[in-house]
Amino acid sequence: MNTRVAIVGGGPAGIRAAERLVEHGLSPILLDEAPRIGGRIYQQLPEVRGFRRDGKALYGFEAGKAEDLHAAFARIQPQLDYRPGTTVFDIASDRLITLGDGRREEIAYDRLILATGAMDRIMPLPGWTLPGVFALGGAQIALKHQGCAIGHSVVFLGSGPLLYLAAYQYAKAGVNVAAVLTTAPWLGLGANLLGMAAQAKTAAKGAYYVAKLLSWRIPVIGSVRPARIMGRDSVEGLEVLVDGRLRQFDCDAVALGYGLKSESQLAELAGAQFVFDRAQNQWLPEIDDHGRAVGRDGLYLAGDGAGIQGADAAELRGRIAAGALLQDLGIALKDAGDFGTLKRWHRFRVALEQAMPFPSHLAADLPDASILCRCENITAGEVRAAADQGLREINRVKAATRLGMGRCQGRICGIAGAEVLAAKLGVSVDSVGRLRAQPPVKPVPIEALAGDAP
Amino acid sequence: MGRGQFRRVAERERRRIAFLLDGVETEALEGDTVLIAILTTRAHLRMAEFTEAPRAGFCLMGACQDCWVASADGRSLRACTTYVAEGMAIVTRR
């Protein structure tokens, strides 16, 4: 009998995994939530006439890589059972429960590669639920996928390489970038030169974006302490502390994001174990060097969904995970995985996280009245009150307060919620645990759940 | 109707289409998501369930679930991952 292999995710990791399986004679199922492959970084324009920007305009320095990935997919598509527009919302040990085109379907598998990618990592501040405040990655999607800016005058606030890239793309598109503000010291460009040197070309691109922003006389300021976003029904400005002094920036939109977090809910439902990664300051599914999930045979994880290492590493990790799967099936590999390059990406990522860390220190001072969980409208004060009542674990706080119980399942508030709880208790963030994933991992119509009854 | 939150800076040469936004005929461009179609003409998308404060979505990538609106026949739509279509009827008020 043919082994049924399913891949979830059509970004760089998922496509390269599919490609390697096809090269070895397999015909995997490829499920992608998006209507077209590419993931976020190599996302394609809608398939509608009239969109005109070319690869260079959309992907900049990465245009060649985007074209290569799209071409690789076109080559292998005839060998794939490709299911675009399909959301996997639950996973059993032998089948995926999916929703596509409003229809529930169960897809049996023997082996599973999850390449579910990442999303923005958020630290709230007062006013962050106002219309006009968007996730940094979302601000980039609006521009790349739709040709729209999130406002007329935009402040970029956060940390990480995407902050400078997105601000650069906005300014280049003619949008007024009011300021680029980061919590990282020295703009995150100073620390750990040795680690940065592990991928000097990528580090140089980051420096190029900052230099461009400065040459356009856009304020680029490090070591800021976010204070609040102002406005009644929409964004009117932003206040931050710079060197202890309050500074105000007029704007009608804020792009907010402090690096990325892995989308790991499906890995958890599929049976992966989790470990706290100190360098990335987040819980990650535990994998071996080849992407095999520890303690769960037949499950493989690749790309940013299994720890953030970026798009180039995701392509390598996709091929490596596919290689592990093939070897586990007893199929001889025709080529070797590129572990040397992957190790360099790993060193680079550790250096990046040190230089542009998640601002855990802001959690302690987040005002009590500030909303933490935007689905259920739960404030930092409610989480602290739960701690005062003796709750020391984030899932118990969830049960008591509804933090993370809303439609997003704690994707947005989970990390900051744990930081606020840990800061209140005076313990390290890993000791309060992590929000457990629950099916359905995305909202689905009630009819789609019908078959799930035990 | 006031100023839209979003501003078009590229891809403006697409076919114009009309859809109904809370009963009012509204113009969009073919290939717009529902979220873009609304926020290029309005300052917000919907009211939050518990506070009646305006919201406009957040992540734009189908993760935060803060941009759900409804079609006139009562189906829920995630505005950032649904494309607008000619004649579509969208309701943002309950």
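All of the numbers you see were taken from the coordinates with simple rules; none came from a lab. It should be emphasised that the depicted structure is a prediction, and the values quoted were computed from it without experimental measurement. Ideal geometry is used to build each Cβ from the backbone, glycine not excepted, and the neighbour counts take in all protein chains shown.
Numbers below:
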item: Ratio of Rg to Rh over the stretch A:300-454 (Cα coordinates, Kirkwood Rh, two decimals); result: 1.09
item: Amide H within-cut-off set for A:LEU372, under 5 Å, with H built and near neighbours excluded; result: A:ILE378, A:THR379, A:ALA380
item: Packing-based ranking, highest mean first, of B:49-55, B:30-36, A:342-348 given that Cβ atoms within 10 Å are counted; result: B:30-36, A:342-348, B:49-55
item: From the C-alpha gyration tensor of the stretch A:189-284, square roots of 5λ in Å; result: 31, 24, 13
item: Long-range HN-HN contacts of A:SER223 with modeled amide H, under 5 Å; result: A:THR182, A:ALA184, A:TRP186, A:LEU187
item: Test item: Cα-centred dipole of the protein assembly as shown, Lys/Arg +1 and Asp/Glu -1 on Cβ, debye; result: 1060
item: Percent of Cα-Cα distances greater than 27 Å, calculated over chain A; result: 54
item: Debye intensity ratio in log₁₀ form over the Cα atoms of the stretch A:360-432, taken at each q of 0.13 Å⁻¹; result: -0.28
item: Value of Rg to Rh for chain B (Rh from inverse mean 1/r over Cα pairs, i.e. Kirkwood); result: 0.93
item: Cα point-scatterer Debye curve for the stretch A:122-258, base-10 log of I(q)/I(0) at q = 0.13, 0.15, 0.16, 0.18 Å⁻¹; result: -0.51, -0.68, -0.77, -0.97
item: Sequence-separation-based contact order of the stretch A:264-365, relative, with Cα cut under 8 Å and 6+ spacing, percent; result: 20
item: Debye equation applied to the C-alpha atoms of the stretch A:1-98, log10 I(q)/I(0) at 0.15, 0.20 Å⁻¹; result: -0.63, -1.00
item: Karplus (6.51, -1.76, 1.60) ³J(HN,Hα), θ = phi - 60°, over the stretch A:19-29, in Hz, Gly and Pro reported as x; result: 4, 5, 5, 5, 4, 9, x, 8, 10, x, 8
item: Residue-by-residue Karplus 3J(HN,Hα) for the stretch A:323-329, coefficients 6.51, -1.76, 1.60, Hz, glycine and proline x; result: x, 4, 4, 4, 4, 5, 8
item: Bridge type composition, the protein assembly as shown - antiparallel percent by DSSP, nearest 5; result: 60
item: For the stretch A:229-360, convex hull of alpha carbons as volume per residue, Å³; result: 143
item: Over 14 Å [Cα-Cα, the stretch A:44-116], rounded percent; result: 74
item: Rel. contact order, % - alpha carbon contacts under 8 angstrom, at least six apart, chain A; result: 18
item: In order through the stretch A:271-286: 3J(HN,Hα) via Karplus (6.51 cos²θ - 1.76 cosθ + 1.60), integer Hz, x for Gly, Pro; result: x, 5, 8, 10, 10, 7, 9, 5, 4, 8, 6, 7, 6, 9, x, 7
item: Whole-Å semi-axes of the stretch A:185-245's equivalent ellipsoid (Cα gyration tensor); result: 29, 14, 11
item: Shielding score for B:64-75, defined as the mean number of other chain Cβ atoms within 10 Å; result: 3
item: Span from the the stretch A:187-237 Cα centroid across to the the stretch A:391-442 one, whole angstrom; result: 29
item: Peptide A:8-21, shielding by other chains (average Cβ, 10 Å cutoff); result: 0
item: Relative contact order of chain B, defined on C-alpha pairs under 8 angstrom at six or more residues apart (%); result: 33
item: Distance between modelled label sites at A:VAL294 and A:ARG347, nm, 7 Å Cα→Cβ extension; result: 2.3
item: Peptide-level mean, for A:147-157, of C-beta atoms on other protein chains within 10 Å; result: 5
item: Euclidean distance between Cα centres, the stretch A:333-375 to the stretch A:88-137, Å; result: 19
item: Dipole magnitude (debye, nearest 20) for chain B, charges at Cβ of Lys, Arg, Asp, Glu; result: 220
item: The protein assembly as shown, helix-only ellipticity at 222 nm - DSSP H runs n ≥ 4, -39,500 (n - 2.57), divided by all residues, nearest 500; result: -8500 deg cm²/dmol
